[in-house]
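Every number in this text was worked out from the coordinates using simple rules, so none of it is lab data. Everything numeric here is computed off the predicted structure, so don't read it as measured data. Positions of Cβ are generated from backbone atoms using ideal geometry, with glycine treated the same way; all protein chains shown enter the neighbour counts.
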Amino acid sequence: MEDTKQSQDHKREHDGHEMCHKCNQCKDCSSCRCDSNHEGAPLKKMMIVVSKANIDSVYAGFIMANGARSEGIKVDMFFTFFGLDAISKKRMEHLKVALAGNPGMHMPEVVGVFPGMESLATHMMMKRMDELDIPPVSEFLDIIKASGGSIYACKLAMEMFNLKKEDLYDDIDGVLTVGQFYERYHPGTQIIFI
Amino acid sequence: MNKTINGHDVDVDAEGYLTDMEQWNREIAQEIAKELDIDELTDKHWEVIDWLREQKSQGIELNIRKVGNSGVTDIKEFYQLFPGGPLKNASKIAGLNKPTSCL
């Protein structure tokens, strides 16, 4: 409680100064300046690379992206390799849960190889997600876009899978090479590869 | 803890969110909005604030998607009305607790 009071008093005294989120000191005033390399320097941007097509990977990317925008953090999503399925018009609503090699499914490995099991598990998971107000893929893309996030496709992966821009979600911000992706880095950015 | 906002004594948490939504009024909302760099609350802001409070009073946990489907505003406009974290900031202005949803 004491700390909170102190930081509030401090805040009042230095009204309008930009504060370090970690140490609650002003960034620019000489008397109490926080180290500019402070590990608590605020997170300003997330660059999220989605490289897999299974539902759990794709949704991890969406939820982190949406959560970042909700906190005022900028977001670039970059879809590469099998992750392109998530922005492919034909495939985005048919993503599946991976059963084989996924111990998190809590079932014998052999069950995963039977036809129809993946669809069944996916159906059950989608139903539960809907109950929790987790949107389907196309709506999630709309939400990320409407909230000011950017969506990019990987140029090389598109060439590999023979995909054209018109095969993808209409509202993508562009097709990038890996170099162009890195150019979008600014101080305060974290890059996450899923 | 206690805080005086625009002459009204209210209970707030460490981040300044009201802990009792019944202590809220429009003058308090205006003052919190100013703290969040929103100089003027327009009719649209009030519509959203009223909608959020109504949902909350029904015990509904709020998230961005629900706001987008509210019919009161859409997600794009919501981000423009309450920049820098719309659900967080709108909830604070509306006298509600900090949103706990991951959506």
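Annotations
- Peptide ranges A:117-123, A:60-66 listed from the most packed, as the mean C-beta count within 10 angstrom indicates: A:60-66, A:117-123
- Residues with amide H under 5 Å from that of residue A:192, placed H, sequence gap 5 or more: A:47, A:48, A:49
- Of the GluC sites (Glu not before Pro) found in chain B, those that fall in a DSSP loop while having at most 13 other beta-carbon atoms within 10 Å are B:15, B:40, B:61.
- Chymotrypsin sites (Phe, Trp or Tyr not before Pro) within the range A:96-194: DSSP coil, no more than 10 neighbouring Cβ in 10 Å: none
- Set of lysines near residue B:44 by C-alpha distance (under 24 Å), chain-local residues within fewer than 8 positions excluded: A:145, B:34, B:56, B:66, B:76, B:88, B:92, B:98
- For chain B, the 222 nm mean residue ellipticity estimated from helices alone, with every DSSP H stretch of n ≥ 4 adding -39500 (n - 2.57) and the total spread over all residues, rounds to -12500 deg cm²/dmol.
- Fewest neighbouring Cβ atoms within 10 Å first, the residues A:75, B:72 line up as B:72, A:75.
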